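Written below as structure tokens is the structure these notes are about.
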Amino acid sequence: MLPDSVLDRIAAELYDYQGSGQSVMEMSHRSPIFMDIFEKTKEHFRKSLSIPDTHEVLFLQGGATTQFAAIPLNLMKESADYAVTGNFSGIAAKEATKYGKIHICADTSDSNHTEIPEQSGINFSENPSYFHYCENNTIYGTQWNYVPTAPTTLVCDMSSNILSKPVDVSKFGMIYAGAQKNMAPAGLTVVIIDKKLAGNQAPSTPMMFNYEQQIKAGSMVNTPSCFPIYVLGLTLDWVDQMGGLAAMEERTRTRANKLYEIIDNSKLFTAPAKVSARSHMNVTFRGTTPELDKQFLEQANKQGLVNLAGHRVVGGMRASIYNAVPTEGVEKLGQLIAMFDK
Ligand SMILES: *Cc1c(COP(=O)(O)O)cnc(C)c1O
């Protein structure tokens, strides 16, 4: 979802952005008016996440999935360590094997990704170029509740929880996120990268994937996705109005925990994720029978609670309570679960 206030501003400015006589969709990406949107959005993003000067912010395309290849091409000398704790981290590890030696240093497949490894459960290899993990597992509904310590550079996929809490960016070599969960429409991928990591890419690295070249070109090796970048700026304004990232974190945690409490107290529904690993963004749960899940989804749909079916690899239900989902919506879902239980 996008916040209503963001959609309202898009609608108001769609034909004529601030008296320019143009829609943002029509602007040249090099025009002063768009460059102003671009620079302000980048500055705002840096400020919201308190990004230190050591790190550059890139506005790229191709989704988080493109980064699965760009990361090893740019950062891997010989080998890298990957934690596989869900769907996307598994795909990231598989993609990286095309470019070097990948060591799976933690794997939660045996528990069907209902848990997150403890620090002591991560078996780092000898001299990896980086350690890659995904902080929030969108499909299975688990999240790392700590930043792991690694003997190498940390690279983190935050596609489904970025802007939901403050982050100590200085701990990471690189953070990346597709925009479409918590920031803007699909088409924009945000990369936060420690500048000293750039410049070591494999010679075969396509120029679009080349972090050094993208940094030099200010994310404009080619035309960036102008409209999603503009929407990100509006979303950042909304996050400020909500009280910033610390307030978002509190709001996110409170409402997720309320849902988990209702599910835990229910006789018909259970949340498969281990308590210590529960996601605050994607609450997964299931009924005692598939028939019950079907009835629940039907009833939810009638009440305007949509997109609640679990991912096809997991089944059951998944409440993706991203930032823009109104708290009343989360409460209504809690009431429906309790009503079913009764
Ligand atoms: C959605 C998602 C992806 C894939 O994002 P695309 O932008 O579609 O490539 C990757 N990682 C995580 C954690 C996601 O939630």
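The values are calculated or read from the model by the stated rules, or taken from the named source; none is laboratory data. All of these numbers come straight from a predicted model, not from anything done at the bench. Every residue, glycine among them, receives a Cβ derived from its backbone with ideal geometry; neighbour counts consider all protein chains shown. These area figures cover heavy atoms from the full protein model, side chains too; ligands, DNA and RNA do not enter into them. Shrake-Rupley method; radii C 1.70, N 1.55, O 1.52, S 1.80 Å.
Need pairs with beta-carbon distance below 7 Å; first residue more than 16 Å from Ile229 (Cβ to Cβ) and within the stretch 41-58, second outside any strand (DSSP E or B) and among the charged types (D, E, K, R); sequence gap 6+ or separate chains.
Within 7 Å, the pairs are Thr54/Lys195; His55/Lys195.
Could you check Leu236 against (1) out of contact with any strand residue (DSSP E or B) (no Cβ under 9 Å at 6 or more places or on another chain); (2) part of a helix (DSSP H, G or I); (3) open to solvent by 40 Å² or more (accessible area, probe 1.4 Å) and say which number it fails?
It fails just one condition, (3).
Is the stretch 39-62 home to any residue that is within 16 Å of the ligand (Cβ to nearest atom) and either over 26 Å from Val221 (Cβ atoms) or over 22 Å from the mean Cα position of the chain (by Cα) (or both)?
no
Which residues, counting only those in the stretch 166-204, are near the ligand (Cβ under 10 Å from one of its atoms) and of a type in the set (Lys, Arg)?
Result: Lys181, single match.
Would you mind telling me which numbered condition in (1) in contact with a helix residue (DSSP H, G or I) (Cβ under 7 Å, 6 or more places away or on another chain); (2) closer than 30 Å to Ala198 by Cβ; (3) touching a residue at least 12 places away in the same chain (Cβ under 8 Å); (4) open to solvent by 10 Å² or more (accessible area, probe 1.4 Å) Gln303 fails?
Gln303 satisfies all of (1) in contact with a helix residue (DSSP H, G or I) (Cβ under 7 Å, 6 or more places away or on another chain); (2) closer than 30 Å to Ala198 by Cβ; (3) touching a residue at least 12 places away in the same chain (Cβ under 8 Å); (4) open to solvent by 10 Å² or more (accessible area, probe 1.4 Å) except (2).
Kindly establish whether Lys94 is of a type in the set (Lys, Arg), within 16 Å of the ligand (Cβ to nearest atom) and surrounded by fewer than 24 Cβ atoms within 10 Å (Cβ to Cβ).
Judged against the criteria, Lys94 is a match.
So is Val330 closer than 25 Å to Cys134 by Cα, of a type in the set (A, V, I, L, M, F, W, C) and open to solvent by less than 50 Å² (accessible area, probe 1.4 Å) or not?
yes
Restricting the search to the stretch 129-153, which residues are open to solvent by 10 Å² or more (accessible area, probe 1.4 Å) and either away from the ligand (no atom under 15 Å from the Cβ) or free of Cβ contacts under 8 Å to residues at least 40 places away in the same chain (or both)?
Ser129, Asn145, Tyr146, Val147, Thr149, Ala150, Pro151, Thr152, Thr153
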